[in-house]
1. Using alpha carbons only, how many angstrom separate the centre of the stretch 327-348 from the centre of the stretch 121-166?
2. Between V140, V348, V192, where does the largest GNM mean-square fluctuation fall for the chain, given springs only between Cα atoms within less than 10 Å?
3. Residues with beta-carbon under 13 Å from that of G322, excluding G322: net charge, scoring Lys, Arg +1 and Asp, Glu -1?
4. Rounded if a/c is under 1.5, else prolate if a/b is larger than b/c, else oblate: which is the stretch 302-379, with a ≥ b ≥ c the root eigenvalues of its Cα gyration tensor?
5. From the Cα gyration tensor of the stretch 115-243, with a ≥ b ≥ c the square roots of its eigenvalues, which class applies: rounded if a/c is under 1.5, or else prolate if a/b is larger than b/c, or else oblate?
6. Return the single residue from A169, A46, A16 with maximal mean-square fluctuation; model: Gaussian network over the chain, springs between Cα atoms under 10 Å.
7. By accessible area of protein heavy atoms, probe 1.4 Å, what ranking do L373, L261 get, highest first?
8. Can you bin the stretch 74-153 into rounded, prolate or oblate? Criterion: square roots of the alpha carbon gyration tensor eigenvalues sorted a ≥ b ≥ c, rounded for a/c under 1.5, prolate for a/b above b/c, oblate for the rest.
Amino acid sequence: MNSTDTGVSRHTALYAEHEKLGAFFTDFGGWQMPLKYQSELAEHKAVREAAGMFDLSHMGEVRVSGPQAAEFLDYALVGKLSAVSVGRAKYSLLCNEDGGIIDDLISYRRAEDSYLVVPNAGNAPAVVDALTERAARFDVEVADQSVETSLIAVQGPESEAILLWLVDASQHQDVTELKYYAATDVMLNTNVGPIDVLLARTGYTGEDGFELYLPNAQAAQLWTVLLDAGKEVGLLPAGLAARDSLRLEAGMPLYGNELSLQTSPYAAGLGPVVALTKKEGDFVGRAALEAQKEKGADRKLVGLKGQGRRAARSHYPITVDGTTIGEVSSGALSPTLGYPIAMAYVDVSHAEPGTTVDVDLRGKPQPFDVVKLPFYKRG
């Protein structure tokens, strides 16, 4: 996992719950987070076959509201957030003037004049700073609500059934008809009373699932209730190790691995996220991104499938006939597929699916085939 060493790690509101479950902790983005509980392979399998539950409270939550909220986000982000309907969400990028990626994030439109922007954990302060600075010319308020908000994800084919057990029959339709990349307010029943949550059908695993936003004070109670509700269908608490292997199989980028300030969205395969057709004025990084698109990327993000059994890891060199033509950004032995997979940046001349390259596994070149992403897609 990619982590940021800030010297002192913070704890989420669920830290004590993880301790009770015997979690093994790691620093990630300046937070002490569960790496795994017992077995990362069992946790990975639970998400693919039943359900897994993650504490994602290290992620940021930024409320953007005001008469010009939509116009502001069109300027601040590379996507057209004004075109998002109320109740829906959009994946986008926050870029600097040079077109480098400060963060990839999801924005939920909560009302005509209100959005919830969710940055990655280690990038949250930089995102808040950038949004605050860019808001100066707009009638908008940027409010960092990260410290007071918890986020729990329930992911896997049984996730909908688990949520349905906790909502009144009158709200069953709100859950079952919630579309992918949409969010709604629901009330979950617990043994100490109802808990209001923002329920989003989003995730980072390649499976169906939900992300639940709620106040810190109620997080531990909801965590316990969800664990109890999911026991019958095989839900397991899951840590960052399983989350990383799941997102890798699903071909989803991780900031610090596939994305960075030095990464072009076009090299990362995120060109469609950049709305160069926006007509309502400029957005930050537009000129640089237009130049990047016109020039074309020297390297491209691809998937690699190992011909052998050894896994490639981040930063391992990729060669062809002894010449370095790329570098691995993420790699592992896929628990679902049973063979090594990796995401990597390679020269565009070697990016065509079916091309065979060598990955230098600590001095021993091993053949990998370039394949289309994602490696895994649910049925």
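1. 29 Å
2. In the Gaussian network model the winner is V192.
3. Summing Lys/Arg as +1 and Asp/Glu as -1 gives -3.
4. Since a/c reaches 1.5 but b/c is at least a/b, the shape of the stretch 302-379 is classed as oblate.
5. Note, shape of the stretch 115-243 comes out prolate.
6. Top of the fluctuation ranking is A169.
7. Per-residue accessible area, sorted high to low, gives L261, L373.
8. Note, shape of the stretch 74-153 comes out rounded.
The values are calculated or read from the model by the stated rules, or taken from the named source; none is laboratory data. The shown structure was predicted, so the numbers you read here are calculated from the model rather than taken from an experiment. Glycine gets a Cβ as well: all are built from the backbone with ideal geometry, and neighbour counts include every protein chain shown. Note: areas computed on protein heavy atoms with side chains; ligands, DNA, RNA excluded. Shrake-Rupley method; radii C 1.70, N 1.55, O 1.52, S 1.80 Å.
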